[in-house]
Every structure is written in structure tokens, then in C-alpha cells.
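These notes concern the structure reproduced below.
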Amino acid sequence: MPSIRPSPSASLITRITCPSFRVPLIPTTGTLPHRSHTRTRSVSTKAYNLNRPGNKARNGVVGGIIVGAIGFSYLYFTDTRSAIHRYQVVPLLRWLYSGDDIPTEAGGKGPGAEKAHEVGLKALRVLYDLGFGLRERGTHEYLESGELGVELFGHNLKTPLAISAGLDKHAECIDPLFNISPAISLLEIGCITPLPQDGNPKPRMFRLPTSNSIINRYGFNSVGADTAAVRLRSRVRRYALKHGLTEREVLDSTEIPASLWPNRLLAVQIGKNKATAETDMEAVKRDYITCVEKLGRYADILVVNVSSPNTPGLRSLQKRESLQELLTAVVLTAQKADRKVKPKVVVKVSPDSDGVEDIKDVSAAIKFAGVTGVIVANTTVKRPLNVLASPQVSEEEKRVFHKEIGGLSGPILLPKMLELVEGYSKELGENAVVFASGGITSGQDVQEARKRGAKIVMGYTGMVYDGVGFFGRIAGEIKRIVDGGK
Ligand SMILES: Cc1cc2nc3c(=O)[nH]c(=O)nc-3n(C[C@H](O)[C@H](O)[C@H](O)COP(=O)(O)O)c2cc1C
């Protein structure tokens, strides 16, 4: 009969599962003295004896510390108010993704600002889907007194704060973004174009960290209206299933906003495809109308973008006649949207059309078409030199500032934004709601914009540099200002 020899793997299994059972080791080389094996074995056997009273207590303490540390880390990392998000996560992402978004194999410097943005959004989404969504923990003192509340289109928003377009261009992070903070009353997704398009070649997003600014020339990279509509519809279906309703009941509810979050609104921004000539007004209208037909039923607000500097000719649509024609077509189509509470139509304008005549023209088109609001404003193609004022500004920032084409955003926009908000508020009076967008970094900035007539104040670049705690921090600052600096 052949003798049965334990195989090395069988021996390993025995060692792991039966720690106190002495099995002679099979020497792996002939040079190791047998005694050394025995000594090693007896030490490990002792360590496995969990039932000794001293070990029990020690294991209990160690276990408690580990569980406590995991629990604390979970609560700390998932709290958007934690300092780590502002002071560690943001710089770390910037350091990890410091390239130019061109693969090194293709001669580039590797992942850059755009990749960092994608990774940030994906992390938010994955954590949310796993049930660990980032959120503001503890009490929200800015919500309690209701002092920050704003009534907008029949909804009682808790704050005047909103995320502006470009952050979630493809309708893929709506719930994780709302989840970040109850201070976010409105989220504008998009820009979404009727057909999918790639946008401009990379690199197309550049940071100017010393002035907390960004230059971007994405050029409406979009998954297209069909894919966006599928994503928006699946949210409605999941919501309906969870609440025992039908999809129709959700769409036709007068209580449930399109955001599917109480007292919060979803704005969907729409634009035209690059291939559609801005001179062909019928084709331009068709592009926007297609977007309204496909996306209008999922939106509380539809935003008509005629102000991106990165789609050639788009800004020419701000001329009075073209704008009037386009907005009228959008408003009429929105009134037929397949939901009970029809989406309101808002137009987003450029900060570079800042003359008195520009404001008068756009306002006339808004009044003529029955548009409900205006977002003032988008990024600028201008390059104000004070962006480079800091002595710390790097040579790379100087190069980006002077050489890279695109729209500039960040604190530099604030004065122009305030001026335009005032101009549009005066010109429109009660005829339309003014939304402020541009350079917001503090509660003070928000209050300034509100003083000049803005009802909603939007942010984007501030959050890129400040992290996920941005809107909660600003809401807290507004509350302190409202309370008289307490
Ligand atoms: C990377 C990036 C992408 C943007 N994409 C869009 C867009 O698709 N549509 C749009 O209307 N505005 C877009 N914007 C402009 C912002 O919505 C906002 O109006 C502008 O940045 C000014 O606000 P901020 O200084 O708070 O960022 C984008 C801005 C940035 C930085």
C-alpha cells in the first residue's frame, strides 16, 4: 500500500484551524535544525489560546478600540463638516491629479483636473450607493429658525443656495450631491445637448490655485438627452417603487418636486449641439425643443444656456430677436411637458454682455417670452490681471492664464456678477426671478447678491477649492450674519 503523506497545503490548513494540535512540520530544507521548528510552534500555540482570562480581557479592549476607531472614522469621514475634506482631501486630489489629462503614453503628464473631478464624483456616488453617503452630521442651526428660507415657484426652500451647472453634467450624481448638505436647495445638472458629443479635446480644465479660479473649455461634453432621460427616469422609478407609487403618480404629484427631495429643486440645463449652426434658427430651436421634450418631465426648472463661451457662436443667441424666438419656443414646449407641475424656464446669460443695452435686450426677450428667471452669469472670456496679483502665483498659472482659451470662474467674477444682478433686478422688476452665479466663496458674498436682488445664489468653483463642506459652511455664515454676527 502506498503511504499517505500530508501535502504541504494540508499541513498548512491543519496549522491554521487547529492551533493547539501538534503536527510535526515537514522540513523544507535539510539544513534547518528540528528544534527551531518546535520552538516556533509552541510560541504560536500560546498566542492562539484565546480562553485564558488575561487574553480575553486584552482582546476585549483591543476589539473595543478597533470597533470604536472604525465607528469614529466612519462618522468623521462621512461628515462633510470634517476639516479633513477641506484641508486634506482637496489638496490630496490636486496633488494626485496634477497632470494635464493626457495619458503619459501619449506624451502627456497623466491625470489632471478633469480626472480629479470625475474621481470625486464617482467616490460620492459609490459611497452613497453603499449607504455611506457623505452628509452633514449633527444639528443644522441654519435650518432651525427658518430665517434663511426662500419661497421659489411655490416651494419653500430652506436656504437660497444652489449648485450651478457643470458640476454634474451627465445627471449621474443628483442624490449624492443633494445628500451632502441640507443647505443645497437647488441643483442644476447639465449642460445636456440633444445628441451625445465629446466636447473639446483634452486638456480642457485648468486650475489657478493661488486665486482659487478655474479656466475651462469643456465645450458641452454630453451623454446626450436620451441617456440623461434614462438616468432621470430610473430615479423616478426607484422613488415610485420605494414609496408604493406608480411612475405616473410621481410625475403628476403636486407635492413631490422633480428633485424628489422635499423643499429642494432640480434644474436641468439644455444647450445645442456644436454641429448645429447658430445661424440656422430653425435647427437651433429644434435642438432646444428636443431637449425639452426628452427632459422637461424630470425638471422643476429648465435652464436655456446661451452663454457658454466654449461653443462657437452660442453667445450670439443672446441677441434680442434670436433670444426672443428661442425662448418663446422653449416656453411653449415646456408648457406641454408630460408632468402635472410644468417646469419653469430660466435663461443663463454671459457676464461679458454687460452693457446697459445688453441687459435691456435680454430682459425684453425674457418678458416677451414669459421666461420665469435669469441666471446671472456664466464664466468670462476676459482675463482680469488681478487673478495673478498674489506673489505666490506660479509660472504655470501665468502660462494657463495667458495662453489657455476658455471661461474663467472663481472669486474674480464676484464684482461683475453683483453689478449684473443689480442691473437685471432693476430691469426685470417683478417679471422674473434673478439667480446669482459667479465667484461666491462666503456667506457675506451671498448676502451681497441677495441685497442686490438675487433670490437664489449658486456656486461651483468655491466647492472645487473648499470641498464638500462648502455649502454647509456658507449657510452657517449667512445664519451668523442674519443673527447680527453672533
Ligand atoms: C469646470 C466647469 C464647467 C462648467 N460647465 C458649465 C456648463 O456646462 N453650463 C453652464 O451654464 N455653466 C457651466 N459652468 C459655469 C458655472 O456654472 C458657473 O456659472 C461659473 O463657474 C461661475 O460660478 P463660480 O465662480 O461659482 O464657479 C462651468 C464651470 C466650470 C468651472
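Worth pointing out:
- Counting only Cβ charges, +1 for Lys and Arg and -1 for Asp and Glu, the dipole size of region 141-482 around its Cα centre is about 460 debye.
- Since only LEU332, PRO176, SER73 are under comparison, the one whose Cα sits farthest along the positive direction of the charge dipole of the chain, derived from C-beta charges on Lys, Arg, Asp and Glu, is SER73.
- Listed residue (LEU187, PRO384, LEU414) projecting farthest to the positive dipole end of region 141-482, Cβ model: LEU187
- Of the beta bridges in the chain, as assigned by DSSP with both residues counted there, near 30 percent are antiparallel.
- Mean sequence separation of contacting Cα pairs (under 8 Å, at least six apart), scaled by the length of region 141-482, corresponds to a relative contact order of 19 percent.
- Sorted by Cβ density within 10 Å, fewest first, the residues CYS291, CYS191, CYS173: CYS173, CYS191, CYS291
- Fewest-first ranking of LEU241, LEU121, LEU314, using other Cβ atoms within 10 Å as the exposure measure: LEU241, LEU121, LEU314
- What the Cβ-Cβ distance of LEU75 and THR210 gives, at R0 = 35 Å and to the nearest 0.05, is a FRET efficiency of 0.55.
- Sorted by Cβ density within 10 Å, fewest first, the residues HIS243, HIS117, HIS402, HIS140: HIS402, HIS243, HIS140, HIS117
- Cα centroids of region 217-277 and region 440-472: 25 Å apart.
- Counting 0.36 nm for each residue step from THR104 to ALA277 and taking away their Cα separation leaves a gain of 58.7 nm.
- Most positive-pole-ward Cα, LEU152, GLY462, VAL230, against dipole of region 141-482 from beta carbon charges: VAL230
- Over the chain, equivalent-ellipsoid semi-axes from the Cα gyration tensor in Å: 53, 26, 25
- Helical content alone sets the calculated 222 nm signal of the chain at -13000 deg cm²/dmol, taking -39,500 (n - 2.57) per DSSP H segment of four or more residues and averaging over every residue.
All of the numbers you see were taken from the coordinates with simple rules; none came from a lab. Worth saying up front: this structure is predicted, and the values here are computed from it rather than measured. Heads up, the Cβs are rebuilt from the backbone with ideal geometry, glycines too, and the neighbour counts pull from every protein chain shown.
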